[in-house]
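Encoded as structure tokens, the structure appears first; notes follow it.
Taken together, the values in this text are just the output of simple stated rules run on the coordinates, not laboratory data. No experiment lies behind these values; they were computed from the predicted model shown. Ideal geometry is used to build each Cβ from the backbone, glycine not excepted, and the neighbour counts take in all protein chains shown.
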Amino acid sequence: MSKVSSKFIFFFGSFAGILFGYDIGIIAGAEGHIREAFHLSPLWLGIVVSSLMGGAIIGSILSGLLGDKFGRRKLILISSIIFLLGSIGSAIAPEEITLTIARVFLGTAVGTASSLVPAYMSEIAPANIRGKLSGLNQLMIVIGLLLSYIVAFIFEPVPNSWRLMLGSAGIFAIVLCIGMIKLPESPRYLIKNGMADKAREVLRTLRRSTAEVEAEVSEIESVAVHEQSGIKQLFHKKFRLALIIGVGMATFQQIQGSNSIVYYATSIARQVGLAPQVAAGFTVIVGVIFVVTTLIFLQFVDKFNRRTILTIGGAGMALSFFTPAILGALGVNEVVVNWVTLIALCCFILCYAFSWAPLTWIIVGEIFPLSVRGIGAGISSAFNWTGSLAVGLVFPILADQFSLGVIFSTFGIICILGLFFIRFVVVETKGRSLEQIETDMAARSGRNSVSPVERNKYV
């Protein structure tokens, strides 16, 4: 392994998030141009937009099956190459079918990154700042979103500019590929595969002392030596709670409405009366809120309980959806409702960026045992992208048939259901080592039932 600094490892370990964020965000600026260029119906527009999510489902499952066998680093490196090819294919697509195929191919890389980066970051980060370092993935995602919105804003007046928008994502793929070549493999993956000496070498770069390295190696070995890998193991009773939490959080994150804003922010802004260029400018504001809020989140994530942050954020998200819907139902002046809608969407992004957006991936990276972390994160990511695909595919059709008030009310109700899931299912993971979480989760899953008193010992 070539000698690199811990900052280099943490930076490029999370850099795939930029590709993830850029490509899911750039479609918000490109979809209007694509619709006009290919004369797409609402259904076909939904297919083109959501095709990336279809590929991401495939990528998540494959990376989950292969990540525990071949390692996180290798698959993230391969995904950067796929991402580059998919970006080029999207940019030169002559019609909607070819564009859809290219975006499915591109999506496999996005799905791989979304499932393996959280696992990789959680496995290399120290327990006391794991939330902050794992949250770098989300920061990279929102930076990618913001960059995509800025590019879309700049190119909005340019004819056929959607090709430049989609193709420019390849630049980040090249940077990721170069960085991943120098990165080490996860020390936990190395130990699980009998390479403890290499794991020590990696940990010496990431930890403060030899004693800390040896203590962590011993703790990992004490857990890893007793477990088998494979998808069948994931469905064992002792891993059941981890699977429910991972899949549940990943699904709720998407169906709460975030991607209706990320993918269709420009269309929503146009629908409430903004001119095309101004609507593109609104998405830049959304991106800035995302980045600034995520930066603030990283300063607080390891100081407050995960569940507390998720509860406060989820309540704010629900209120953001219900407010314009209620005003519209009460017959408030349309201009007022339109402005409240834009403000409410900004408030939703603020609450989402401070809670569900980053913490979902942090918890998914923490909650699964080492032996099934790759496949567990992969299946959770697949459910996440399934929800994203459903929203991306259905939203244009719903927007064509129903008012924004009806759609927002539905998302608000789903946000409330997410609060119940946090309250009654999700466990607290802040400040605990991955091995401590693993031991506790296995013990809890092995019980036939867990009383509220017992459960609250861990929250």
*Output the relative contact order of the chain, whole-number percent, from Cα pairs under 8 angstrom with separation of 6+ residues.*
27 percent
*Okay, which of the range 115-144 sit inside 18 Å, backbone N to the point 7 Å along the Cα-Cβ direction of S218?*
127
*What size of dipole, in debye to the nearest 20, comes out for the chain about its Cα centre when the only charges are +1 on Lys and Arg C-beta atoms and -1 on Asp and Glu C-beta atoms?*
1060 debye
*asked:* Only four residue types carry charge here, +1 at the Cβ of Lys and Arg and -1 at the Cβ of Asp and Glu. Report the dipole size of the range 361-450 about the Cα centre in Debye, rounded to the nearest 20.
replied: 180 debye
*Mind checking the angle between helix 334-353 and the chain's longest principal axis? C-alpha axes, 0 to 90 degrees, to the nearest 10.*
10 degrees
*Could you work out how far helix 373-401 tilts from the main Cα principal axis of the chain, as a 0 to 90 degree angle to the nearest 10?*
10 degrees
*Which ordering of T210, T205, T108 is given by a fewest-first count of other beta-carbon atoms within 10 Å?*
T210, T205, T108
_Cut-off is 10 Å between beta-carbons; in what order do W356, W339 appear when sorted fewest neighbours first?_
W339, W356
*Could you rank the peptides 165-177, 289-301 by their average count of other C-beta atoms within 10 Å per residue, with the highest value first?*
165-177, 289-301
*Could you tell me the distance between the Cα centroids of the range 14-60 and the range 99-134, to the nearest Å?*
18 Å
*Looking at [x] 20.5; [y] 27.1; [z] 21.8, which value of mean projected area of the Cα convex hull in nm² comes from a calculation on the structure shown?*
[x]
*Indicate the gyration tensor shape class of the range 284-323 (rounded, prolate or oblate), computed on the Cα atoms with a ≥ b ≥ c the square roots of the eigenvalues: a/c under 1.5 is rounded; otherwise a/b larger than b/c is prolate and the rest oblate.*
oblate
*Each label point is 7 Å from the Cα along the Cα-to-Cβ direction; what then is the distance between the points at F11 and F424, in nm?*
4.7 nm
*Sequence-separation-based contact order of the range 21-132, relative, with Cα cut under 8 Å and 6+ spacing, percent*: 35 percent
*Once phi is turned into ³J(HN,Hα) by the Karplus curve 6.51 cos²θ - 1.76 cosθ + 1.60 with θ = phi - 60°, what whole-Hz value does each residue of the range 60-74 show in order, with x for glycine and proline?*
5, 5, 4, 5, x, 5, 9, x, 6, 8, 10, x, 5, 4, 4
*Using Cα centres only, tell me the gap between the range 299-315 and the range 153-209 in whole Å.*
27 Å
*Length gain on complete extension for the stretch Q271 to K69, per 0.36 nm per residue less the alpha carbon to alpha carbon distance?*
67.9 nm
*Rounded to whole Hz and in sequence order, give me ³J(HN,Hα) for the range 280-297 from the Karplus expression 6.51 cos²θ - 1.76 cosθ + 1.60, θ = phi - 60°, writing x for Gly and Pro.*
5, x, 4, 5, 5, 4, 4, x, 5, 4, 4, 5, 4, 5, 5, 4, 5, 4
*Say the cut-off is 18 Å between C-alpha atoms; which of K74/K430; K69/K182; K69/K192; K74/K192 go over it?*
K74/K430; K69/K182
*Within the chain, helix-based [θ] at 222 nm, where runs of 4 or more DSSP H residues each add -39,500 (n - 2.57), nearest 500*: -26500 deg cm²/dmol
*So what's the angle, to the nearest 10 degrees on a 0 to 90 scale, between helix 136-155 and the longest Cα principal axis of the chain?*
20 degrees
